[in-house]
Every structure is written in C-alpha cells, then in structure tokens.
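Novice: The structure is given below, and queries will be raised subsequently.
The numbers here are math on the coordinates, done by the rules we state, and not lab data. This structure is a prediction, so every number in the text was calculated from the model and none was measured. Note that we place each Cβ from the backbone using ideal geometry, even for glycine, and neighbour counts take in every protein chain shown.
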Amino acid sequence: MTALSVNLNKVALLRNTRHLGIPSVTRAASLCLEAGAHGITVHPRPDGRHIRQHDVLEIAHLLKDWPQAEFNIEGNPLHNLMDCAAELLSQGLPLHQLTFVPDSEGQFTSDHGWSFPQDTERLRPLIARAHAWGVRVSLFMDADAAGVAAASTVGADRVELYTEPYAAAWGTEQQSVQLARFAAAARAARAAGMGVNAGHDLNLNNLAAFVQEVPGVQEVSIGHALISDALEMGYTQTVKAYLQCLVRP
C-alpha cells in the first residue's frame, strides 16, 4: 500500500490569521495519525507564512509517541531547510525524510522540479550532509524520465513527482497522456535505483487512478485537498477516505 503523509501547512495558515493558537497543528497531526495516516509532512518557508519552526519542533516531539510514523520536511535546502533539520537532530528528535524543493523565498506554491545538470553541484553536498545525519532525501522533480534518472547521480534516495500537470489534466483527453508520462518517469526512477513519491493537487477524485497506473509509488504527500475535505468531513473520515484510494486492487 502506498503510504499517506498528511501535509499540515494549510492548518497552520488558518491559525496564523489570528493570535489564538487555533486550529492546533499538533492536534491535527494527532487526529490524522489516529485515523491511520502513515506520516506527517510540513513545508516551513522562510517567511513563516504557515508552518513555523516551533510547529516543526512540536510535531517532532509528538512523533516520538508514533514510532511507526514518518516525519517528512519539505523545503529549499538553500534556504532554511537544513538549519531546520539540524535543530531537530541536535535535540534527538525524529526526522525520516527531507524533500528538497527548488522554490524561491516568496513563491506562491511549489510549481517545478530540479533540473540536471544545472543543479548537480549545489545539490550533491547537501544530499551528502543529509545522509551523514541518517536522513533519506527525496528530490521534487517534474515527470520527465531523463531528468528523473539524472537525480540518482547526486545521491537522491527518492524522487517526488510533481503531480499538478496530471491533476490539471484529470477528466480531459490528456488524462491518459499524463498518466503514461508519470508512469514512464516512475519506471525511470526505479531503474536508477530510487524510490518514488508523489504530490501536489492529488485529491479524492484523481488519487486512486494515479497509484494504480503509476508503478511503485511509495508515498503521497497531500495537503491542500485533504485539509479542505476535512473542513467538511472531519480529519478522521477524510484520512480514511484517502487511505481507501491508496488500496491497490
């Protein structure tokens, strides 16, 4: 079964509109884990517009009580990501995966992957540093088979396929074309010895088809759609619904 990691950025975004501490990010994490989520994802950007460093620390403390769950932190390793990870590890807190994303500081949302060979030299030492900490590295990548295969040359353990083009094509004549493209990228990653993650705009409508048609997807990270659904369905029923999408026939 593909693992579900719940991205809690949008919970923090809502909380940050007031100074009351609600909704609680850690409470959201607890409810999602209790419902069966396999992990928690956060993406702390330098401007602190949603997840902040204290959230990262509090979630890591929470996850000490959930040893079967994984903590995935996304972000640009050239900005604040590595310092964030180093602080966790200096306190002996859990961190399982760093997902390197090439977003700019003020970027609205992640919208493209790394490029090779352009990004090779700056990524290689950062990946080596994460490995020295004992942390897995996933690179956020566009679904291009040649580009994905190149990610293995810098030591990445996994790639996270940027799935917005697939989500945008859902329900159109391009849906099958995009699925074939993502399947080819996943096969290229696996042939290069890497695992496959996926994320961005996956939802209850398009998720099942994706994991059924794209081979070997080990983890999906879902935030915006899942948290939006939880506003109507509640965390428990929403997580269970997403988990059902991940059960392969």
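Novice: Pull out a ≥ b ≥ c, the square roots of the eigenvalues of the alpha-carbon gyration tensor of segment 117-221, then state rounded if a/c is under 1.5, prolate if not and a/b is larger than b/c, and oblate in the remaining case.
Specialist: Details: a/c = 2.30, a/b = 1.94, b/c = 1.18.
Prolate.
Novice: Considering the chain as a Gaussian network with a 10 Å cut-off on Cα pairs, which listed residue, Ala29, Ala189, Ala225, attains the greatest mean-square fluctuation?
Specialist: Among Ala29, Ala189, Ala225, the largest mean-square fluctuation in the Gaussian network model of the chain belongs to Ala225.
Novice: Let me ask something else. State which stretch of the chain is the longest one without any exposed chymotrypsin sites (Phe, Trp or Tyr not before Pro), exposure meaning a DSSP loop state and at most 16 other Cβ atoms within 10 Å. Can you show the working numbers first?
Specialist: Values: sites that count: Phe108, Trp133.
The longest such stretch corresponds to 134-249.
Novice: Using modelled amide H (1.01 Å from N, peptide plane; none on Pro or chain starts), what sits under 5 Å from the amide H of Gly195, excluding residues fewer than 5 places away?
Specialist: Amide H neighbours of Gly195: Arg158, Val159.
Novice: Enumerate the amide H contacts of Ala35 below 5 Å, restricted to partners 5 or more residues apart or on another chain; note that Pro and chain-start residues carry no placed amide H.
Specialist: Here nothing satisfies the definition.
Novice: Over the Cα atoms of segment 51-103, each weighted equally, I'd like the Debye log10 I(q)/I(0) at q = 0.21, 0.22, 0.26 Å⁻¹, rounded to two decimals.
Specialist: Here the Debye-derived log intensity ratios amount to -0.72, -0.78, -1.06.
Novice: Return the sequence-ordered ³J(HN,Hα) values of segment 13-29 in whole Hz as given by the Karplus equation 6.51 cos²θ - 1.76 cosθ + 1.60 applied to θ = phi - 60°, using x for Gly and Pro.
Specialist: Listing the rounded values in order: 4, 5, 4, 6, 6, 9, 10, 9, x, 10, x, 7, 5, 5, 5, 4, 4 Hz.
Novice: Could you give me the percent of Cα pairs per 10 Å distance bin for the chain, shortest bin first, beginning at zero and ending with the bin that holds the maximum distance?
Specialist: 7, 33, 39, 19, 2, 0
Novice: Residue-wise, which Karplus ³J(HN,Hα) couplings in Hz belong to segment 167-179, taking 6.51 cos²θ - 1.76 cosθ + 1.60, θ = phi - 60°, and x for glycine or proline?
Specialist: After applying 6.51 cos²θ - 1.76 cosθ + 1.60, I find 4, 5, 8, 4, x, 10, 5, 7, 4, 5, 5, 5, 4 Hz.
Novice: Picking from Leu20, Leu93, Leu202, which is most flexible by a Gaussian network model of the chain using Cα springs under 10 Å?
Specialist: Leu20
Novice: Which value in deg cm²/dmol, rounded to the nearest 500, describes the helix-derived mean residue ellipticity at 222 nm for the chain, given -39,500 (n - 2.57) per DSSP H run of n ≥ 4 and division by the residue count? All intermediate terms of the calculation are to be shown ahead of the outcome.
Specialist: Numbers: 11 runs with 108 residues, N = 249.
Counting only the DSSP helices, I get -12500 deg cm²/dmol.
Novice: Can you list residues whose amide H is under 5 Å from Arg45's amide H, if they're 5+ apart or on another chain and H is modeled 1.01 Å from N?
Specialist: His50, Ile51
Novice: How would Val159, Val211, Val25, Val6 line up from fewest to most surrounding beta-carbon atoms within 10 angstrom?
Specialist: Details: Val159 32, Val211 19, Val25 26, Val6 29.
Ascending Cβ contact count within 10 Å gives the list Val211, Val25, Val6, Val159.
Novice: Could you give each residue of segment 65-72 its phi-based ³J(HN,Hα) in whole Hz, using Karplus coefficients 6.51, -1.76, 1.60 with θ = phi - 60°, and x for Gly or Pro?
Specialist: 8, 10, x, 7, 9, 9, 10, 10
Novice: Could you pull the Rg and Dmax for segment 163-218, using just the Cα atoms, both in Å?
Specialist: 10.8, 33
Novice: Between segment 47-66 and segment 127-144, what is the C-alpha centre distance in whole Å?
Specialist: So the separation of the two Cα centres works out to 20 Å.
Novice: GNM on the chain, C-alpha springs below 10 Å: top fluctuator among Ser90, Ser24, Ser152?
Specialist: Answer for the Gaussian network model of the chain: Ser90.
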